[in-house]
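Colleague: Below is a structure I'd like to ask you about.
Nothing in this text is a laboratory measurement; each read-out follows from the coordinates by a stated rule. Predicted, not measured: the structure shown is a model, and the values here were computed from it.
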Amino acid sequence: MRSLPGLQGPRAPPLPLLLLGLLAAVRRSLEDGHPSASPFTSPPIQEERMTKHLNLSLESHNISLTEHSNMPVEKNITLERPSNIELTCQFTTSGDLNSVNVTWKKDDELLKDTYLINATGRILYTQYLFTIVNSKQMGSYSCFFEEKKEQRGTFNFKVPQLHGKNKPLITYVGDSVVLMCKCQDCLPLNWTWYSSNGSVQVPAGVQMNDKYVINGKNANETRLKIMQLSEEDQGSYWCHAIFQLGESEEHIELVVLSYLVPLKVFLAIAAEVVLLVAIILLCEMYTQKKKKPSDDGKEFEQIEQLKSDDSNGIENNATRHRKNESVSQ
């Protein structure tokens, strides 16, 4: 833990003027000709570390924090190959800068006093210079500003992410399929494919039993061709890429269907249609049977009514005939 006094960090005997001039020229060229806005002057011991890797590119990243920040600030950084790293955190506060304690951590490990601290106005700066040359140096680097409450900024270093097919790839028994993984703007050292159960491991560029073939049109992609698919080929397949600073992988889900599967669906739909038609016919037959007795009853009543009307007509005619005979007498 370190406060503002002793801004320049640990000192060491100065390097020759020619070496410092060469380093300054290299750093300017690595920053595309733009002058640095950093308020730091690196101590010779850190410049000496950087000179060991002059052939490496320079990665500069920064994070800004304030005393009112409610959440830690994180920045994800993709790193494919060894590089010189320059991380800068700035903290703006209205309080006394000398009362602010500054620390750096890699993951959960406290880093030694090899970082810089400086101030401009109401802004406190801290900078950490180092070189990443292997996978052990990848991870999270965090700066901490402790005043009334602790503020944290974190730089997460990761190897490039691979991209495959997000949705399951569906195909049928007997077909061939091509699985593809791609790495955007990166060049892995090696590609490998394997299944989730580890039963299929095919090194890049190797043909295996005329079943699996690996190739790729470009160095940043890989394709696994699986021929004569069977239901046993179904499952998760992983593409694995190896970089100088670590490894990355992505998985693709393969679904292999039998041709009976769509047929089963068709038969199920056909059965539902037949069942529906049968139900409709039964309802129609039941309705017809229910209507038939009612219609027979109405027909019987109509016949009886006609008979009754006929008998009444005959009686009325006989009565009129008797009346006419009595009148004529």
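Colleague: How much length would be gained if the chain were fully extended between Q228 and N62, taking 0.36 nm per residue of separation minus their Cα-Cα distance, in nm to one decimal?
Modeller: Values: separation 166, 0.36 × 166 = 59.76 nm, distance 5.26 nm.
Fully extending the segment from Q228 to N62 adds 54.5 nm.
Colleague: For the pairs K167/K217; K112/K182; K105/K158; K136/K211; K105/K182; K136/K167, note any where the Cα-Cα span goes beyond 28 Å.
Modeller: K112/K182; K136/K211; K105/K182; K136/K167
Colleague: Once you sort the root eigenvalues of the Cα gyration tensor of the range 50-151 as a ≥ b ≥ c, which label holds: rounded (a/c under 1.5), prolate (a/b larger than b/c) or oblate (the other case)?
Modeller: Prolate is the answer for the range 50-151, as a/c is 1.5 or above and a/b outweighs b/c.
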